[in-house]
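So the structure is just underneath, and the comments pick up after that.
The values are calculated or read from the model by the stated rules, or taken from the named source; none is laboratory data. Model, not experiment: these values are computed from the prediction. Positions of Cβ are backbone-derived with ideal geometry, glycine not excepted, and every protein chain shown enters the neighbour counts.
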Amino acid sequence: MNQEQIRHILDTQRAYFSSGATLPVEKRVQALQRLRTAILDSEAEINAALKADLGKSGFESYMCEVGLTCSEISYMIRHARRFASERRVPTPLAQFHARSFVKPSPYGVVLIMSPWNYPFMLTMDPLADALAAGNTVVLKPSAYSPHTSAVIEKIISSCFDSSYVAVISGGREENQCLLREAFDYIFFTGSQAVGKEVLRQAAEHLTPVTLELGGKSPCIVDRTANIPLAAKRIVFGKFLNCGQTCVAPDYLYCEASVKDRLVQAIGKEIRAQFGERPLDNENYGKIINQKHFRRLAGLIDREKVVFGGGLEEGRCRIEPTVMDNVTWEDPVMGEEIFGPILPVLTFQTLEEAAAQVNSRPHPLALYLFTSDKQHVRYVTSRCQFGGGCVNDTIIHLATSAMGFGGVGASGMGAYHGKVGFDTFSHHKSIVDKKTWLDLPLRYQPNPPFTHTLVRMSLK
């Protein structure tokens, strides 16, 4: 799609938004209901697409993509009316008599750019929030997951006219065309490198943005942790979607005294969850493409592999791999892994661990396994990170009751539930001043007694 075609879509969406068609909350709810019905009716097609793009099983596709999406849409259907309501706030005495309120208002035409690792959920979740807030939306799914992108386009075209929601297919050229246009809001999920480019382009139009990025998310395990349970939950979170999860534990940072026990327990859990030969397990997915496969293969140091390490280049598959005796200088610690490789590092004190985490760019997630409540308070208050879990991994993003987002290098802004509605809304602060009374305090001339009254009212 070229620049002229994209501009035409934006023009039609601006006209549709300006007509006020998206403002009635009931119409927003109806739009969300249509979307949810279409998704559930297309579940088999979605599963097949996710299998083709990423090798995901039907169970994983529902748990991590379709199910989470439907949960977010359902949450918005239930709560959109309340979220969209005006909220009255106290009025200062100096403004007597008046009514003060905050009015949520949609931004207008929104661009949502989504990644390939959870191509369905990370497209549809922010779409649900944007529609609930009353916007029109241009969706740009990733070119790296073409089968899922095709299903998304089919679902959207069955539910909405392109003047309301449109899908733009294509790759880098289409991305550049989109970013040249003046959107009212941009929501981007992806890598830090591309996020920087999105931010630069948005700055040309002073367009507000949300950036959902990534980073090296630590998984800290201290000596008081339940080691067998920690291993089970770490293996689940790390190797889900073959590690291609923005909030996956990037590296294991454990207290030296429990390292050997933990590594052994992790190896046992990998066998329990994926079998003795994970590459023969058809429910174990694949790396998205050859480019990422080669990058990941280059991060594996054979001398440090203590579990896994098997490769199947033809099908872009890598075994769950654990590397021990890793240092901060190793190549695997130089970038976000985004794959099924788990490096293991150790610390002597929790203070040392927190200092090391804080000395690096703020991660999107942090996980702490401990039985010590003081350690929980210390790490959660001292370390900077987007969000996380205590004694579990990744599940913090599976609720609409909490916002999800990064901090610093891992992103800006958040979404999910009420936070997502607010992200795609401008909150107008309005004072409705009554006309039956007009106190003269603020007008010239200002006799001395007015000074006293103003000071009393503005303390």
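A compact table of results
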| read-out | value |
| --- | --- |
| Flag for Pro361 being assigned to a loop (DSSP other than H, G, I, E, B), touching a residue at least 24 places away in the same chain (Cβ under 8 Å) and not small (Gly, Ala, Ser) | yes |
| Number of the condition not met by Phe188 [criteria: (1) assigned to a strand (DSSP E or B); (2) more than 30 Å from Pro249 (Cβ to Cβ)] | (2) |
| Yes/no for Ser85 being at pLDDT 95 or above and either assigned to a helix (DSSP H, G or I) or among the charged types (D, E, K, R) (or both) | no |
| Residue within region 107-114 that is in contact with a strand residue (DSSP E or B) (Cβ under 9 Å, 6 or more places away or on another chain) and free of Cβ contacts under 8 Å to residues at least 40 places away in the same chain present | no |
| Test: residue in region 364-383 that is closer than 28 Å to Asp184 by Cα and either in the same structural domain as Ala248 (by TED's automatic domain parsing) or assigned to a loop (DSSP other than H, G, I, E, B) (or both) | yes |
| The lone exception for Gly237 - which of (1) in the same structural domain as Met333 (by TED's automatic domain parsing); (2) within 26 Å of the chain's Cα centre (by Cα); (3) crowded, with 23+ Cβ neighbours inside 10 Å it fails | (3) |
| Given (1) free of Cβ contacts under 8 Å to residues at least 60 places away in the same chain; (2) crowded, with 20+ Cβ neighbours inside 10 Å; (3) under 22 Å from Ser57 (Cα atoms), number of the condition Glu312 does not satisfy | (2) |
| Subset of region 92-112 (residues that are out of contact with any helix residue (DSSP H, G or I) (no Cβ under 7 Å at 6 or more places or on another chain) and either under 22 Å from Ile152 (Cα atoms) or part of a helix (DSSP H, G or I) (or both)) | Gln95 |
| Residue match in region 406-419 (condition: surrounded by fewer than 20 Cβ atoms within 10 Å (Cβ to Cβ), farther than 30 Å from Gly334 by Cβ and within 15 Å of the chain's Cα centre (by Cα)) | yes |
| Single match in Glu303, Glu269 (criterion: surrounded by fewer than 18 Cβ atoms within 10 Å (Cβ to Cβ) and of a type outside the set (Gly, Ala, Ser)) | Glu303 |
| Number of the condition not met by Asp260 [criteria: (1) charged (D, E, K, R); (2) touching a residue at least 40 places away in the same chain (Cβ under 8 Å); (3) outside any loop (DSSP other than H, G, I, E, B)] | (2) |
| Residues that are hydroxyl-bearing (Ser, Thr, Tyr) and touching a helix residue (DSSP H, G or I) at 6+ places or on another chain (Cβ under 6 Å), drawn from region 284-335 | Tyr284 |
| Scope region 282-295; condition surrounded by 15 or more Cβ atoms within 10 Å (Cβ to Cβ) and within 20 Å of Cys64 (Cβ to Cβ); matching residues | Tyr284, Gly285, Lys286, Ile287, Ile288, His292 |
| Matching residues, region 400-434, being among the β-branched types (Val, Ile, Thr) and touching a Gly at 6+ places or on another chain (Cβ under 8 Å) | Val407, Val419, Thr423 |
| Selection from region 246-260 of residues that are crowded, with 24+ Cβ neighbours inside 10 Å and among the β-branched types (Val, Ile, Thr) | Val247 |
| Yes/no for Gln356 being assigned by TED's automatic domain parsing to the domain that holds Leu252, surrounded by fewer than 14 Cβ atoms within 10 Å (Cβ to Cβ), in contact (Cβ under 8 Å) with a residue 60 or more places away in the chain and over 23 Å from Ala193 (Cα atoms) | no |
